[in-house]
Amino acid sequence: MGTESRVPRPPEVLADRQAIEATVTRLGREISARHRDGLVIVAVLKGSLLFVSDLVRSLTVQPVVEFLAISRYEPDSGRVRILKDLDLDVTGRDVVLVEDIVDTGLTLGFLLGELGRRSPASLEVCTLLDKRVRRILPAPLAYVGFEVPDVFVLGYGLDFAGRYRNLDMLVTADAVALTADPDAYVDQLYRSHGARGPG
Ligand code: 5GP
């Protein structure tokens, strides 16, 4: 039987809109309490797109928002290329790096090394998802949204081959089915919400 005929396992909701809102509000409160004099938020594109836009609105202090766009040479290699660097010198600033998910920790290790060399006053990490069962490199996470098991997650900024980022919830999906057909979940995830999938 070819992989094309495989019926993907139905997605499971990991966190719906309400759960995400409650978690982002909590994170905003935690960050604001520690940074009363302001901070620089460094969002890692593209996965943190939706998370950071909600997170900055939940802060009760005023942040400067900066973006870092990266691409990986290959999964789990830890080799990362900076496609778009910060517009700001963060020397002497309090920086919170915002990630969508920390998995092996290799990407984060690279980014912390890179930003650490710029001598910020402080450097903390806020991640929406922590897949700590897969960790290779220890990751100092100051703020964590949800801890997740070893599952593949889509939605609320997280993609597969550029798809599913705009889902307003976090779902788990079958990575094997997605590799065989990146659109495997479009019908289930978009039609059930009365919306059209990408493309
Ligand atoms: P790490 O270097 O920690 O292994 O990888 C982190 C990156 O891998 C994330 O920023 C994300 O792009 C990708 N990643 C890891 N796990 C998942 C997942 O469950 N879903 C999606 N969509 N991306 C993931």
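Here ALA33, ALA22 are screened, and the one residue that is within 24 Å of LEU112 (Cα to Cα) and at pLDDT 95 or above is ALA33. Looking across segment 131-164, the residues that are near the ligand (Cβ under 9 Å from one of its atoms) and of a type in the set (A, V, I, L, M, F, W, C) come down to ILE136, LEU137, ALA139, VAL148, VAL151, PHE152, VAL153, LEU154, LEU158, PHE160.
Only one of the listed residues (VAL42, VAL80) is modelled with pLDDT under 95 and either surrounded by 12 or more Cβ atoms within 10 Å (Cβ to Cβ) or out of contact with any helix residue (DSSP H, G or I) (no Cβ under 8 Å at 6 or more places or on another chain) (or both). That residue is VAL80. Within segment 14-29, the residues that satisfy the criterion of being assigned to a helix (DSSP H, G or I) and surrounded by 15 or more Cβ atoms within 10 Å (Cβ to Cβ) are ALA19, ILE20, THR23, VAL24, LEU27, GLY28. Contact map, segment 81-95: residues that are more than 15 Å from PHE67 (Cβ to Cβ) and of a type in the set (Val, Ile, Thr) paired with residues that are at pLDDT 95 or above and surrounded by 12 or more Cβ atoms within 10 Å (Cβ to Cβ), Cβ distance under 6 Å, separation 6+ or inter-chain. Pairs shown: THR91/ARG118; THR91/SER119.
When the residues of segment 122-150 are filtered to those that are within 16 Å of VAL171 (Cβ to Cβ) and in contact (Cβ under 8 Å) with a residue 60 or more places away in the chain, the one that is surrounded by the fewest Cβ atoms within 10 Å (Cβ to Cβ) is PHE146.
The values are calculated or read from the model by the stated rules, or taken from the named source; none is laboratory data. Computed from a prediction, not measured in an experiment: that's the story for all the values here. Heads up, the Cβs are rebuilt from the backbone with ideal geometry, glycines too, and the neighbour counts pull from every protein chain shown.
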